[in-house]
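The values are calculated or read from the model by the stated rules, or taken from the named source; none is laboratory data. None of the values given here were measured: they were computed from a predicted structure. All Cβ positions, even for glycine, are placed from backbone atoms using ideal geometry, and neighbour counts span all protein chains on display.
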Amino acid sequence: MKRINYLASFLFSAVILSSCGGLDKMKEEASNLQYSVTPKVLEMHAGKVKYEIKGDVPAEWFNKKAIVEFTPVYKYEGGEEVLESKTYQGESVEANNKVIGFETGGPIEFAGEFDYQEAMRIGELEIRGAATIKDKSLDLVAYKLADGVISTPLLVMVDPMAIAAKDNFERIVSETKEADIHYVIQQSNIRRSELKAEDVVALEEFVKAANLAANEEFKGIEISAYASPDGPEKLNERLSEQRKKSADKYLAKVIGKTKVSKEDAETLYNLKSTAEDWDGFKSLVEASTIEDKDLILRVLSMYSDPVVREKEIKNISATYKVLADDILPQLRRSEILVKVDRIGYSDSIILDYAVNNPDTLNIEELLYAGKLVEELETKVAIYKAITEKDSSCYRAFNNLGYVNILQGNLADAKVALEKALELKEGDAIITNNLGVIALKEGDKETAKTHFLNATDAGNAVDYNLGIINIMDGEYEAAVNYFQNHKSFNTALAMLLAGKNDSANKTIDVVEEECPMNYYLKAVINARIGDEGAVMNNLRTAIEKKADLNQMAKTDLEFRMYFENETFKTIVE
């Protein structure tokens, strides 16, 4: 009996030793496993870090009775991100995990993503393993797979463009006034009754006001005199010419032609006469309800000779009396048109009034003044003055919000813009500006919705959507949106979309002098492989902004140069 117990105890101990020996062997030989990571250097896009890990388990490593749980982990200062694990088993284990053969070995695979934090820029991706045989477990040696995360998309400048509503100010405003003087058949003298007609009286008042105003000047005077197309052509020629002269003589008295120089008169006046106004006749007939209208129009289309036309129309005896009473008298006339330019205040006067006496100016002049001044506080004062003058002016509230955005007063900007939107619901410019506030406050999704609803507001919205698309990892779309902008963000989007040469050309023509322009040039040239350009641009960037050295010395875009002595000198 004792012998049997000794034998059982021996066998049990052998099993235990065998189990421990199997785990120890797996731990000792864990370094024989081969791994590859895609991408080779982890990258952040749209706030996520994607990874793909492929491992190769060699033959005779995976114990037939073992279960191994592999876990990728990203370690960084202050924490670690434990990623999705996978469990594999030896061929003698009765479970539902993927089997790795002892004689053949086999592949292990992992894929996933994790949320990026700024602290993760410097860190390590490693894979850990925990092996179990029966009730015994042993942690395998952790294996480092990759260093750090490239976070170049975070270089995006979140500088969305706000838009000021335009003014409708015109320094020179042209006005015209017209009047018709009608004549008795075969006469060219102007009757007193004609001078009392409403349009003629209005014309006289218009001309006299222009004469008195210091800021108004005559820019054109047209007199077109006509005779009706009845009667002999020679007579009509004489009549139309005489009517032109009588109208000119009348207007000369009203306008004070004697005060106008001969040279100015030649420029201002355009006088013409039409012997037989067939075009006017046709238009009046077309607009009339004359019984034989179609027949008359047919005559006009069939014959071009004025004598034949008149004869054929007179043959329509019943209708001709209507023409003689209702149509032809309207054609015996002189048409007078006077054009006047009203010249507004100079820029300096507008600015002075806008600051010191805004009630002197109208809304358009005040909106224009807001565009003239550079100082933001003065702009605010001008736009506030407009809102007090006209509380329904949505453009003033929009522009007040616009200036507050430039000042960084987002809360005040939002109040003004929400008032503007009450006054002009759905306005694209206001909607864009609310999107600018949302993006600056970190609410990307709300900003994106606003920008997509504001595309009619122009190129500024495209720029703003380009920023959103960089943040979303949609780099080709961002390049598309930036096509009308030569900016830092344009070059960054091109780089992220793999268009290195285009990015390089674009950043070279960005006008704004900024340290980050040189830093981005260095990144672009690192990807192209131009070491000299990398060093020159990185040196300039750090000279302009010293703390960029801390970013550069750990930026994996420059990993090929970490041991380069010139690089070390620049970033230290």
_Count - residues of the stretch 366-408 that are touching a Phe, Trp or Tyr at 6+ places or on another chain (Cβ under 6 Å), under 20 Å from Asp159 (Cα atoms) and in contact (Cβ under 8 Å) with a residue 60 or more places away in the chain_ = 1
_Residue that is surrounded by the most Cβ atoms within 10 Å (Cβ to Cβ) [pool: residues in the stretch 234-253 that are small (Gly, Ala, Ser) and without any contact (Cβ under 8 Å) to a residue 40 or more places away in the chain]_ = Ser240
_Meets criteria (more than 42 Å from the chain's Cα centre (by Cα), at pLDDT below 90 and either of a type in the set (Phe, Trp, Tyr) or part of a loop (DSSP other than H, G, I, E, B) (or both)) for Ala214_ = yes
*asked:* Given the criterion assigned to a strand (DSSP E or B), of a type in the set (Asp, Glu) and over 21 Å from Ala552 (Cα atoms), identify the matching residue among Glu124, Glu113.
replied: Glu113
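Can you confirm whether Lys196 is modelled with pLDDT under 90 and either touching a strand residue (DSSP E or B) at 6+ places or on another chain (Cβ under 7 Å) or at negative phi (or both)?
Considered against the rule, which asks whether it is modelled with pLDDT under 90 and either touching a strand residue (DSSP E or B) at 6+ places or on another chain (Cβ under 7 Å) or at negative phi (or both), Lys196 comes out as no.
Please tell me if Tyr345 is in contact with a Phe, Trp or Tyr (Cβ under 8 Å, 6 or more places away or on another chain), over 26 Å from Ala413 (Cβ atoms) and assigned to a loop (DSSP other than H, G, I, E, B). Outline the logic, then answer.
Working: in contact with a Phe, Trp or Tyr (Cβ under 8 Å, 6 or more places away or on another chain): yes; over 26 Å from Ala413 (Cβ atoms): yes; assigned to a loop (DSSP other than H, G, I, E, B): yes.
So Tyr345 fits the description; yes.
A quick yes/no check of all residues on (1) among the hydrophobic types (A, V, I, L, M, F, W, C); (2) under 22 Å from Met44 (Cβ atoms):
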residue: Asn504; (1), (2): no, no
residue: Asp508; (1), (2): no, no
residue: Lys521; (1), (2): no, yes
residue: Arg527; (1), (2): no, yes
residue: Ala541; (1), (2): yes, yes
residue: Lys544; (1), (2): no, no
residue: Asp547; (1), (2): no, yes
residue: Met551; (1), (2): yes, yes
*Quick check: is even one residue across the stretch 286-298 under 51 Å from the mean Cα position of the chain (by Cα) and either over 30 Å from Lys384 (Cβ atoms) or assigned to a helix (DSSP H, G or I) (or both)?*
yes
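Scan the stretch 299-343 for residues that are under 60 Å from the mean Cα position of the chain (by Cα) and of a type in the set (D, E, K, R) and jot them down.
Residues of the stretch 299-343 under 60 Å from the mean Cα position of the chain (by Cα): 299-304, 326-343.
Hits for the stretch 299-343 are Asp326, Arg332, Arg333, Glu335, Lys339, Asp341, Arg342.
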_Selection from the stretch 311-336 of residues that are outside any helix (DSSP H, G or I) and over 12 Å from Ile290 (Cβ atoms)_ = Asn315, Arg332, Arg333, Ser334, Glu335, Ile336
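Could you tell me whether the stretch 264-285 includes any residue that is assigned to a loop (DSSP other than H, G, I, E, B), of a type in the set (Gly, Ala, Ser) and at pLDDT below 90? Please lay out each step first, then the result.
First, the residues of the stretch 264-285 that are assigned to a loop (DSSP other than H, G, I, E, B): 275-277.
Next cut, of a type in the set (Gly, Ala, Ser) only: 275.
So of that shortlist, the ones also at pLDDT below 90 come out as 275.
Yes, the stretch 264-285 contains a residue that is assigned to a loop (DSSP other than H, G, I, E, B), of a type in the set (Gly, Ala, Ser) and at pLDDT below 90.
Conditions (1) out of contact with any strand residue (DSSP E or B) (no Cβ under 9 Å at 6 or more places or on another chain); (2) crowded, with 16+ Cβ neighbours inside 10 Å; (3) at pLDDT 90 or above; (4) of a type in the set (Phe, Trp, Tyr), marked per residue:
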| position | (1), (2), (3), (4) |
| --- | --- |
| Glu291 | yes, no, no, no |
| Ser317 | yes, no, no, no |
| Pro329 | no, no, yes, no |
| Asp341 | no, yes, yes, no |
| Ser348 | yes, no, yes, no |
| Ala354 | yes, yes, yes, no |
| Pro358 | yes, yes, yes, no |
| Ile363 | yes, yes, yes, no |
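Yes/no per residue for (1) crowded, with 16+ Cβ neighbours inside 10 Å; (2) among the acidic types (Asp, Glu); (3) farther than 23 Å from Pro153 by Cα:
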{"position": "Glu28", "(1), (2), (3)": "no, yes, yes"}
{"position": "Tyr35", "(1), (2), (3)": "yes, no, yes"}
{"position": "Met44", "(1), (2), (3)": "yes, no, no"}
{"position": "Asp56", "(1), (2), (3)": "no, yes, yes"}
{"position": "Trp61", "(1), (2), (3)": "yes, no, yes"}
{"position": "Ile67", "(1), (2), (3)": "yes, no, yes"}
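Please find, among Thr387, Thr449, Thr378, the residue that is in a helix (DSSP H, G or I), under 28 Å from Ile470 (Cβ atoms) and hydroxyl-bearing (Ser, Thr, Tyr). Lay out the reasoning, then the answer.
Working: Thr387 fails: under 28 Å from Ile470 (Cβ atoms); Thr378 fails: under 28 Å from Ile470 (Cβ atoms).
After ruling out the rest, the residue left standing is Thr449.
What residue, of Glu237, Glu194, Glu222, is part of a helix (DSSP H, G or I), farther than 25 Å from Ser304 by Cβ and of a type in the set (Asp, Glu)?
On the way: Glu237 fails: farther than 25 Å from Ser304 by Cβ; Glu222 fails: part of a helix (DSSP H, G or I).
Matching residue, one of Glu237, Glu194, Glu222: Glu194.
Got a number for residues in the stretch 73-98 being closer than 16 Å to Ala130 by Cα and not basic (Lys, Arg)?
Going residue by residue through the stretch 73-98, those that are closer than 16 Å to Ala130 by Cα are 73, 82-90, 93, 97-98.
Restricting the remaining residues to those that are not basic (Lys, Arg) gives 73, 82-85, 87-90, 93, 97.
Count: 11.
Tell me the residue from Glu94, Glu109 that is farther than 22 Å from Asp24 by Cβ, at pLDDT below 95 and not assigned by TED's automatic domain parsing to the domain that holds Phe558, please. Write out each step before concluding.
Details: Glu109 fails: at pLDDT below 95.
Residue meeting the stated conditions: Glu94.
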